[in-house]
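These notes concern the structure reproduced below.
The values are calculated or read from the model by the stated rules, or taken from the named source; none is laboratory data. Here the structure is a predicted model, which means the values were calculated and not measured. No Cβ is skipped: glycine too gets one built from the backbone with ideal geometry, and neighbour counts run over all protein chains shown.
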Ligand SMILES: [Fe+2]
Ligand SMILES: [Fe+2]
């Protein structure tokens, strides 16, 4: 009997060695802030949101902000602001995500801020609020960055090198893979933040979620939003109920930027319906001259096997009716750009319909089928896009990872709100 009890005890103690262990993220939080990232969560002219991470020993969410004056005594003039935090347990660690929204700021003004307090305060970062008038605006756009970080990092850094005064960075989904291949999700976010580094702390990020932000390999069939999304960003909650911080809009210097949650649109009829109803209102009441939409699943795919009919049927009539200028998507892991006329109208001359783009900034690349909706297509090429809106003109440039121009066009807005399209890309290369 005694031997039997020993055997039971031995089996019990050794069970821990054979049970699957949670893989621990190599990005452990500490009391110093990391993953510091700016978002616009409200009025871009007078507010700015910042989110960062620490361990759970930091019990206060504190930041300081001051006009970015040349003095070294910034702290003397700074205002201290407190916020809230959320704890996230998973991937072998517990992280505390802090969120603060600076409000009451002056439009078109440079500010300096730091997060945390005492010995754990971050360095001072700087940002600029939006102008109240539609001044010229440059923003960056990145398709899926998921995959090998060693390749994505050079793209985001090259983009910043090219446009250090960019006002926004748009990410069109699948920022991370969502924990596939046994990599902890936290580690993927750590890699993504490491690539963007201080750029995220100075240029507000406008991300839309992809299917991989609705993926959890630990729970088969589970399709909830990635648990790091809402704690990790501070985004607008002006979208349909249940899709806060994933479907939203931001107005910035004469451009209305709209993010939709296309993954929920593909899978959930009620979210498809509520987003379409919400979108129509947001387009109808749009005070801005230009409209840029971003969501993950393209209306027009670059692969015959990856058609997103549900998204196209819901959105195309609204995009046509309200003359959306630019639709920035991802998901297909190739590059394609085409201007597509409203249904029933032929493409003729310089008249532009909405310009649709599929793009990829990361290492994961797919084959491209020859589907002739696009005017420029390429694959196995990481790209990023730099877009400038100046009055009635929108200039679009796409660059590869080495910084070479690989696509270009200009939209000129006419008085009736339709656009003329000019593509001098081929001529410029000759
Ligand atoms: Fe993807
Ligand atoms: Fe995707």
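Would you mind stating whether residue 165 is touching a residue at least 24 places away in the same chain (Cβ under 8 Å) and under 12 Å from the mean Cα position of the chain (by Cα)? Judged against the criteria, residue 165 is not a match. Can residue 223 be described as in a loop (DSSP other than H, G, I, E, B) and in contact (Cβ under 8 Å) with a residue 12 or more places away in the chain? Spelling it out, residue 223 is indeed in a loop (DSSP other than H, G, I, E, B) and in contact (Cβ under 8 Å) with a residue 12 or more places away in the chain. Among the criteria (1) at pLDDT below 95; (2) closer than 26 Å to residue 167 by Cα, the one residue 340 does not fulfil is (2).
Say whether the condition of being within 16 Å of ligand 2 (Cβ to nearest atom) and within 23 Å of residue 381 (Cβ to Cβ) is met by at least one residue in region 129-138. Show your work before the answer.
Of the residues in region 129-138, the ones within 16 Å of ligand 2 (Cβ to nearest atom) are none.
No - not one qualifying residue is present in region 129-138.
Taken over region 197-211, residues that are part of a helix (DSSP H, G or I) and within 13 Å of ligand 2 (Cβ to nearest atom) amount to 1. The single residue among 345, 378 that is away from ligand 2 (no atom under 16 Å from the Cβ) and within 28 Å of residue 285 (Cα to Cα) turns out to be 345.
For region 379-388, state whether one or more residues are under 22 Å from residue 414 (Cβ atoms), assigned by TED's automatic domain parsing to the domain that holds residue 277 and part of a loop (DSSP other than H, G, I, E, B). No.
Determine, yes or no, whether residue 77 is more than 16 Å from ligand 2 (Cβ to nearest atom), loosely packed, with under 13 Cβ neighbours inside 10 Å and either assigned by TED's automatic domain parsing to the domain that holds residue 197 or over 30 Å from residue 23 (Cβ atoms) (or both).
Details: more than 16 Å from ligand 2 (Cβ to nearest atom): yes; loosely packed, with under 13 Cβ neighbours inside 10 Å: no; either assigned by TED's automatic domain parsing to the domain that holds residue 197 or over 30 Å from residue 23 (Cβ atoms) (or both): yes.
Against the criterion (more than 16 Å from ligand 2 (Cβ to nearest atom), loosely packed, with under 13 Cβ neighbours inside 10 Å and either assigned by TED's automatic domain parsing to the domain that holds residue 197 or over 30 Å from residue 23 (Cβ atoms) (or both)), residue 77 does not qualify.
For region 164-183, filtered to residues that are away from ligand 2 (no atom under 16 Å from the Cβ) and surrounded by 20 or more Cβ atoms within 10 Å (Cβ to Cβ), the residue that is nearest to residue 298 (Cα to Cα) is 169.
Does residue 317 meet the test of being over 19 Å from the mean Cα position of the chain (by Cα), away from ligand 1 (no atom under 16 Å from the Cβ) and either in a loop (DSSP other than H, G, I, E, B) or outside the structural domain of residue 418 (by TED's automatic domain parsing) (or both)? No, not satisfied. Exactly one of these conditions fails for residue 357: (1) away from ligand 2 (no atom under 16 Å from the Cβ); (2) touching a residue at least 40 places away in the same chain (Cβ under 8 Å). Give me its number. Evaluating residue 357 over (1) away from ligand 2 (no atom under 16 Å from the Cβ); (2) touching a residue at least 40 places away in the same chain (Cβ under 8 Å) leaves (1) as the failure.
Taken as a whole, region 264-274 holds no residue that is within 16 Å of ligand 1 (Cβ to nearest atom) and in contact with a strand residue (DSSP E or B) (Cβ under 8 Å, 6 or more places away or on another chain). Could we say that residue 164 is more than 24 Å from residue 84 (Cβ to Cβ) and at pLDDT 95 or above here? In short, yes.
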